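The values are calculated or read from the model by the stated rules, or taken from the named source; none is laboratory data. These numbers were taken from a predicted model, which means no experiment stands behind them. Ideal geometry is used to build each Cβ from the backbone, glycine not excepted, and the neighbour counts take in all protein chains shown.
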Amino acid sequence: MKRGDSQYRYDAAGRLVEKRSQKDGYRPQLWRYRWNEQDQLSELITPTGARWR
């Protein structure tokens, strides 16, 4: 799904798993989301590679 400058990708359960933002003149920014069995966000990986758990 694309909205404005961002594209979103969802898994089969409808959870957001990836957000890619693109601005002219810049490299794409990719955010990745991981979910656990209870549908709770368990990890976020930022465009710089930092991991939030």
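Contact annotation: residue pairs with Cβ atoms under 7 Å, 6 or more positions apart or on different chains, pairing a residue in segment 3-16 that is at pLDDT 95 or above with a partner that is of a type in the set (Phe, Trp, Tyr), are Arg15/Trp35; Leu16/Tyr8; Leu16/Tyr10; Leu16/Tyr33. Within segment 22-38, being within 15 Å of Asp11 (Cα to Cα) and either under 9 Å from the mean Cα position of the chain (by Cα) or surrounded by 10 or more Cβ atoms within 10 Å (Cβ to Cβ) (or both) holds for Trp31, Arg32, Tyr33, Arg34, Trp35.
Taken over segment 22-46, the criterion of being modelled with pLDDT of 95 or more and within 17 Å of Gly4 (Cβ to Cβ) is satisfied by Gln29, Leu30, Trp31. Here the condition is being in contact with a Leu (Cβ under 9 Å, 6 or more places away or on another chain) and among the polar types (S, T, N, Q); of Ser21, Ser6, Ser42, it holds for Ser21 alone.
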